[in-house]
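One structure is given below, encoded as structure tokens.
Every number in this text was worked out from the coordinates using simple rules, so none of it is lab data. Fair warning: this is a prediction, and the values are worked out from it, not measured in the lab.
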Amino acid sequence: MEVNRLSPKLALFIVSFLFFFIGFVIYGKMTNTSYSDVYFLPIGLGFFALFISDIFVKLKSYFIFWIITVQQIIRYIVIPCLFLTDDKLRFGSTTVNEPYAVSMMLVELLFILIAYHICTYSKEIKEKTRQLNFLKLNTINTGLFLLFILIIVTNRSFLQKLSFVWDIAKYLKLKVSGDLESVSPLVSIMFPVMRAYIVVFIFSVINSFKVKQRTKLMLSVFVVIINATIIIGISRFSIVYATFPLVLLLIYFYPTYKRKVVTYTSVFFGLILMLASLAKFSGNAKKADVGGFFSLHQLNAYFGGVGNYAIGYDSYKKNQVSVFDQYYYFVSDITQNIPVLSKFSNDNYKTNIKFNNQIYGAGRSRDQIVPVSVAGLYHFSIYFFYIYIFILSILAFKFEAKAYSTQSPVLFFLYVILALGCATSMMINIGSLSATLFINLVVFIPFFTMINKLNSAK
């Protein structure tokens with residue numbers, strides 16, 4: 001008996017109706033006078049879902065689309081709903097600029113929608129990448145493997161930032177005591193790629209074993225899990241970036257076992273993230289409470305919610321950013337994490353410092369992540385703040401498509417990292433994102449392209 005599947009257009013129409021309903025419920029029950037307009041956010045996402053119905057079939061082939069969608073649901077649905085609960089914002093709760101914050105987020109949706117249509121215009125999405133090859137176990141690749149290990153183990157100051165997820169307290173003690181040594185920014189930027197290369201090389205060694213494919217897969221999954229337990233500082237994002245591209249690699253290396261790869265890694269990956277969250281929110285003396293992560297305050301901070309947009313707009317108006325200041329903010333923010341170029345950065349013109357001073361006062365800075373569109377306010381004014389989200393949305397799709405065109409597992413990893421970074425730009429400071437783009441596009445991608453040519457020539 002044939003079962004009729006729900007058409008994408010009908011499914012999106014139902015989803016849109018649900019979002020509209022949520023918006024009207026929030027409108028009817030909202031008592032928070034400082035955030036009385038947040039009901040527009042789910043309604044805006046409802047219209048967004050309707051307007052992508054014609055291109056949804058193409059969009060769903062991108063993993064980037066689903067990553068952006070999850071963030072949109074949290075930012076435009078979950079966070080507005082939490083304003084109806086007893087949850088409170090710790091910062092920005094009494095803003096008078098909430099209408100501007102809501103308007104900014106709605107304008108973002110418009111330009112993400114335009115980006116979606118540009119990326120899918122008259123193009124079919126390849127569902128499968130080219131055949132990915134394991135690394136050749138030759139002198140060049142083995143030498144790089146050993147060199148990267150040597151660079152990591154000889155940088156003692158950077159090793160202090162690394163710990164297993166169940167031992168985050170050790171790093172926190174060092175940070176609080178002030179005993180952490182200064183870390184080379186070059187090593188910090190290079191580490192994710194060096195780490196990935198080491199893992200991919202181990203995949204290739206495992207592939208050389210004369211055992212069953214199933215056994216090779218299990219050994220490779222074990223390597224991914226061990227790699228995922230190593231966290232940089234207290235950044236759970238470092239686990240995501242270190243794991244997600246490797247899981248994709250395993251799917252393409254072992255296509256027959258796709259479901260098992262996804263199942264095994266999802267279960268263990270979820271447990272590792274939960275363990276990291278427990279360790280982070282527990283502190284040294286507090287009781288473990290991972291539920292704190294799902295509060296209005298935490299979701300707003302981590303996912304760039306409307307509260308942080310309001311804070312960002314407050315700080316922008318307070319600092320009276322002129323047209324001439326915009327250039328200095330742009331240069332300082334973009335170059336601050338890039339080796340050598342960081343000398344052009346000036347603390348007096350950094351949005352992360354201005355943003356966090358708005359939250360904590362002059363005594364604290366560089367703590368909470370600045371939403372990328374708030375940085376856009378400082379760089380391009382209230383009329384063009386959406387430039388970043390528009391460009392980064394397009395780049396995310398382009399980088400994913402580029403990943404599918406390569407046969408090199410290392411280049412695949414690099415393009416996926418770039419796509420993932422652009423797709424999660426609301427959860428990363430623009431300085432960190434620009435450094436990631438710079439070091440990968442200018443250094444690592446040309447370098448490994450050259451390595452591939454040398455390997456092919458041999």
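3J(HN,Hα) couplings calculated from phi for segment 58-67 with the Karplus curve 6.51 cos²θ - 1.76 cosθ + 1.60 (θ = phi - 60°) are, in sequence order, 6, 4, 5, 6, 8, 5, 4, 4, 6, 5 Hz; Gly and Pro show x. With contacts taken as Cα pairs under 8 Å and at least 6 residues apart, segment 1-92 reaches a relative contact order of 36 percent.
What is segment 375-458's relative contact order, in percent, from Cα pairs under 8 angstrom and six or more apart in sequence? Before the final figure, lay out the partial values.
Details: 59 pairs, mean separation 19.5, N = 84.
It comes to 23 percent, rounded to a whole number.
Averaging 1/r across all pairs of distinct Cα atoms in segment 1-95 and inverting the result yields a Kirkwood radius of 14.8 Å.
Return the inverse of the average 1/r over all pairs of distinct C-alpha atoms in segment 38-135, which is the Kirkwood hydrodynamic radius, in Å to one decimal. After inverting the mean inverse Cα-Cα distance, the result is 15.7 Å.
Couplings 3J(HN,Hα) for segment 224-232, derived from phi with the Karplus relation 6.51 cos²θ - 1.76 cosθ + 1.60 (θ = phi - 60°), are 4, 5, 4, 4, 6, 7, 8, 10, 8 Hz, where x marks Gly and Pro. Working note: Karplus 6.51/-1.76/1.60 with θ = phi - 60° gives segment 48-57 the couplings 4, 4, 5, 6, 9, 4, 6, 10, 4, 4 Hz, where Gly and Pro are set to x. Pairs of lysines in segment 296-414 whose Cα atoms sit within less than 21 Å of one another amount to 5, provided the residues are eight or more positions apart or on different chains.
When the Kirkwood radius is taken over all Cα pairs of segment 326-447, what Stokes-Einstein diffusion coefficient follows at 37 °C and 0.692 mPa s, in µm²/s? Once the numbers are plugged in, D ends up at 217 µm²/s.
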